[in-house]
Amino acid sequence: MIWKRGIAKLADTATEALAETLWPTRCAICDMPGAVLCERCCAELPYVDWWRACKRCGSPFGLVQCDICNPIGLSRLGIDRLPFEACASAVHFCGDTGQIVRVFKDQGEQRLAVDIALIMARIIPPEWDYEAVTYVPATLSAFRYRGYDHAELIASALADRLGVRHIPTLNRPRTRDQRKLGSKERISNLAGSFAPRDDPETARSLILVDDVLTTGATLCAASQALRQSGVEQVRCLTFARV
């Protein structure tokens, strides 16, 4: 049996080598061969300055006077207080970071989940309290179209990096694609869309992961569902922020 496993491993290695020869791994941004995200492009991403960002909602320039989690901003989301303890995003959404997201989600380069998770792990504030990592699940139609859940892949890689559990907590929402909707449409689209799984693993405090934060409506709706299920503290983390 040992020799059979050895042959199988050798065959896998040969297959990977052949695939790399025929279709070499290329950077999602500059297309240079070698890695799905090269070191130069990673270093040049437009990172959010944590020292200038709001420590509550993560707005990139909201440290002194936040433009998002003030009463007027919250009213646009139909809430009077944020349902999560804190939120942070690693990079600004722009041409390059948008390209990373598109290659990952729409072109099927699942290996980018590890690179995205490593970038996100670096910006987690040291004071954050968390026992596990969960994620905003993709809609059923998006999951069927892609064949995988992009946020779940990021959450799994992030949990591995942090050395904590990765747990699914929410059912898939049945909503329209959020990307083409305005702020008010997003809120209406997400109303009551998230519900806890029938047999979720439990944790007192969670990091809730998503790829892109646009208006915050998705994270608010998912956080509300988690709090209603008994989670005491939710902290949100995204790769990019519009």
Checked pairs for the range 207-233, first at negative phi and surrounded by fewer than 21 Cβ atoms within 10 Å (Cβ to Cβ), second of a type in the set (D, E) and modelled with pLDDT of 95 or more, C-beta under 6 Å and 6 or more apart or across chains, list as Q233/E85
Counting only helices (runs of 4 or more DSSP H) wholly inside the range 1-119, the ones holding at least 3 residues that are over 20 Å from the mean Cα position of the chain (by Cα) and modelled with pLDDT under 95 are 2-22, 71-76
Among the residues of the range 175-219, the number that are closer than 28 Å to V103 by Cβ and either modelled with pLDDT under 85 or part of a helix (DSSP H, G or I) (or both) is 17
So, first residue in the same structural domain as G62 (by TED's automatic domain parsing) in the range 89-118, second residue at pLDDT 95 or above and polar (S, T, N, Q), Cβ within less than 6 Å, six or more apart or across chains; the pairs are S89/T238; V91/T97
**Message:** Tell me whether the range 154-166 contains one or more residues that are polar (S, T, N, Q), in a helix (DSSP H, G or I) and at pLDDT 95 or above.
**Reply:** yes
- [ ] For D149, state whether it is closer than 20 Å to T218 by Cβ, within 14 Å of the chain's Cα centre (by Cα) and among the acidic types (D, E).
- [x] yes
Taking the range 66-76 and keeping residues in contact (Cβ under 8 Å) with a residue 24 or more places away in the chain and more than 25 Å from P125 (Cα to Cα) leaves R76
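The values are calculated or read from the model by the stated rules, or taken from the named source; none is laboratory data. Predicted, not measured: the structure shown is a model, and the values here were computed from it. Heads up, the Cβs are rebuilt from the backbone with ideal geometry, glycines too, and the neighbour counts pull from every protein chain shown.
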